[in-house]
Amino acid sequence: MSKILAFDYGTVRTGLAETDDLKMMAFGLDTIPTKEIFSYLNQYLKNNTVDVFVIGEPKQMNGLESESEVFIKEFIKKLDSTYHIPIVRFDERFTSKMAFDTMIASGIGKKKRQNKGLIDKISATIILQGYLDTL
C-alpha cells in the first residue's frame, strides 16, 4: 500500500503529515528541523511507499505568493530531483490559525499550544486533509 505525504515547509521547521494506506484520512506525522528533511525522508521512504507529495502553498490574502515561496520553490526543486515523486501544491492560507484553534478546541493546555512544532504538524495535517477532500 502507498501513502500521500504532506509538508508544511518552513525555513526552520517542517511539519509532516501522512495518509493511511487507503488514502482516506490525514494524520500528523512529525515536525523536524528543515535542515534534516532529506535525511528524514530517506529513512521514511525506506519503510513507506509514497505516491504524491503535497506541499503547502502560502499565499497572501490577495492571492499573490508569500515571501516564503522563494524558499519553498528551492525545496521543491531538490525534492523533485531527489525522489521523482509527483508534487502537488495546496493552498495553506489560514492553516496555522486553524491548527491553533484545533489545539484550543481539543483542550491542549496553554503551554503546549506555544509549541510551534506542534502547530506545524497540525498545519501539515490540515493541508493534507484539505487535499484529500478535493479528490
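Lys and Arg at +1, Asp and Glu at -1: add these up for the other residues within a Cβ distance under 13 Å of Phe27 and post the number. Net local charge, Phe27 excluded: -1. Under a 5 Å amide H cut-off, with hydrogens placed 1.01 Å from N, Glu57 pairs with Phe90, Asp91, Glu92 among residues at least 5 apart or on other chains. At the listed q of 0.13, 0.21 Å⁻¹, the Debye profile of the stretch 16-60, built from one uniform point per Cα, gives log10 I(q)/I(0) equal to -0.34, -0.85. The distance between label points at Leu45 and Val70 comes to 2.7 nm (points 7 Å beyond Cα on the Cα→Cβ vector).
Each value in this text was obtained by applying a stated rule to the coordinates, not by laboratory testing. Bear in mind the structure is a predicted one, so any value in this text is a computation, not a measurement. Here Cβ is always computed from backbone atoms with ideal geometry, including for glycine, and neighbour counts include all displayed protein chains.
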